[in-house]
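Following: one structure in structure tokens, then a few remarks.
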């Protein structure tokens, strides 16, 4: 049970508000590049932490494209690459309904705290309009730091004058949850919607 009355709901984006899978990106490129193995692309992408580098603003999509083009001798153009990189999301209908039917009409202040880059957030806002209801945002590529680094949570606290004890932070990744707990946030690890609802209702009692 939280010791303070809950005033703030802080939502992660990927695999919380929307689902995503980078395999759509790897498979999409491999489909166009007949000689490229999707597993090899995935290994190179993950081994070199491209998602973190892009998400923290250390690498642009265009720079990532140039590196991968050279590494794998890609023939596709930047436009196709950019689209395939962006189109990896699908709707979390349960969370959409919860946001629209419960949170938006409540007295809670809503926030987004996400490891995300400009291409992904633009694609999501365009294709999943319900996400735009969460207007107060700390996005990793803008603040040049990613979860679970404490700096990104402190940016949220400072910018929006948030008291962690009055807040619930919702994220799918355990490390991000642990980092939030260290700063005093009430937390829910989003692994299933049913479990999430039960934990949420316990915290707001």
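Can you tell me which residues in region 18-36 are surrounded by fewer than 18 Cβ atoms within 10 Å (Cβ to Cβ) and over 19 Å from residue 115 (Cβ atoms)?
Answer for region 18-36, where residues must be surrounded by fewer than 18 Cβ atoms within 10 Å (Cβ to Cβ) and over 19 Å from residue 115 (Cβ atoms): 27, 31, 32, 33, 34, 35.
When residue 90 is evaluated against the numbered criteria (1) closer than 30 Å to residue 34 by Cα; (2) in contact with a strand residue (DSSP E or B) (Cβ under 6 Å, 6 or more places away or on another chain); (3) surrounded by 19 or more Cβ atoms within 10 Å (Cβ to Cβ), which criterion, by number, is the only one it fails?
Every condition holds for residue 90 apart from (3).
Which members of region 147-168 meet the condition of being surrounded by fewer than 17 Cβ atoms within 10 Å (Cβ to Cβ) and within 12 Å of residue 181 (Cβ to Cβ)?
Residues satisfying the conditions are 150, 165.
How many residues does region 177-186 hold that are farther than 14 Å from residue 147 by Cα and surrounded by fewer than 20 Cβ atoms within 10 Å (Cβ to Cβ)?
Matching residues across region 177-186 total 1.
Can we say residue 97 is under 21 Å from residue 171 (Cβ atoms) and not in a loop (DSSP other than H, G, I, E, B)?
yes
Would you say residue 113 is part of a strand (DSSP E or B) and either crowded, with 21+ Cβ neighbours inside 10 Å or in the same structural domain as residue 49 (by TED's automatic domain parsing) (or both)?
When the stated conditions are applied, residue 113 passes them.
With 36, 41 as the choices, which residue is over 30 Å from residue 133 (Cβ atoms), in a loop (DSSP other than H, G, I, E, B) and free of Cβ contacts under 8 Å to residues at least 60 places away in the same chain?
36
Condition check: touching a strand residue (DSSP E or B) at 6+ places or on another chain (Cβ under 9 Å) and closer than 19 Å to residue 116 by Cα. Does residue 168 satisfy that?
Spelling it out, it is not the case that residue 168 is touching a strand residue (DSSP E or B) at 6+ places or on another chain (Cβ under 9 Å) and closer than 19 Å to residue 116 by Cα.
Cβ-Cβ under 9 Å, sequence separation 6+ or interchain: first residue in region 147-168 and part of a helix (DSSP H, G or I), partner modelled with pLDDT under 95 and surrounded by 15 or more Cβ atoms within 10 Å (Cβ to Cβ). Which pairs?
165/2; 166/2
Is region 50-57 home to any residue that is in contact with a helix residue (DSSP H, G or I) (Cβ under 8 Å, 6 or more places away or on another chain), without any contact (Cβ under 8 Å) to a residue 40 or more places away in the chain, under 13 Å from residue 28 (Cα atoms) and assigned by TED's automatic domain parsing to the domain that holds residue 28?
Scanning region 50-57 turns up no residue that is in contact with a helix residue (DSSP H, G or I) (Cβ under 8 Å, 6 or more places away or on another chain), without any contact (Cβ under 8 Å) to a residue 40 or more places away in the chain, under 13 Å from residue 28 (Cα atoms) and assigned by TED's automatic domain parsing to the domain that holds residue 28.
Name the residues in region 46-60 that are surrounded by 18 or more Cβ atoms within 10 Å (Cβ to Cβ) and closer than 24 Å to residue 90 by Cα, would you?
The answer is 50, 51, 54, 55, 56.
Determine whether residue 128 is assigned by TED's automatic domain parsing to the domain that holds residue 149 and touching a strand residue (DSSP E or B) at 6+ places or on another chain (Cβ under 7 Å).
Spelling it out, residue 128 is indeed assigned by TED's automatic domain parsing to the domain that holds residue 149 and touching a strand residue (DSSP E or B) at 6+ places or on another chain (Cβ under 7 Å).
Name the single residue that is nearest to residue 126 (Cα to Cα) among those in region 63-81 being in contact with a helix residue (DSSP H, G or I) (Cβ under 6 Å, 6 or more places away or on another chain) and assigned to a helix (DSSP H, G or I).
Within region 63-81, the match that is nearest to residue 126 (Cα to Cα) is 81.
The values are calculated or read from the model by the stated rules, or taken from the named source; none is laboratory data. No experiment lies behind these values; they were computed from the predicted model shown. Neighbour counts run over all protein chains shown; Cβ positions are idealised from the backbone, glycine included.
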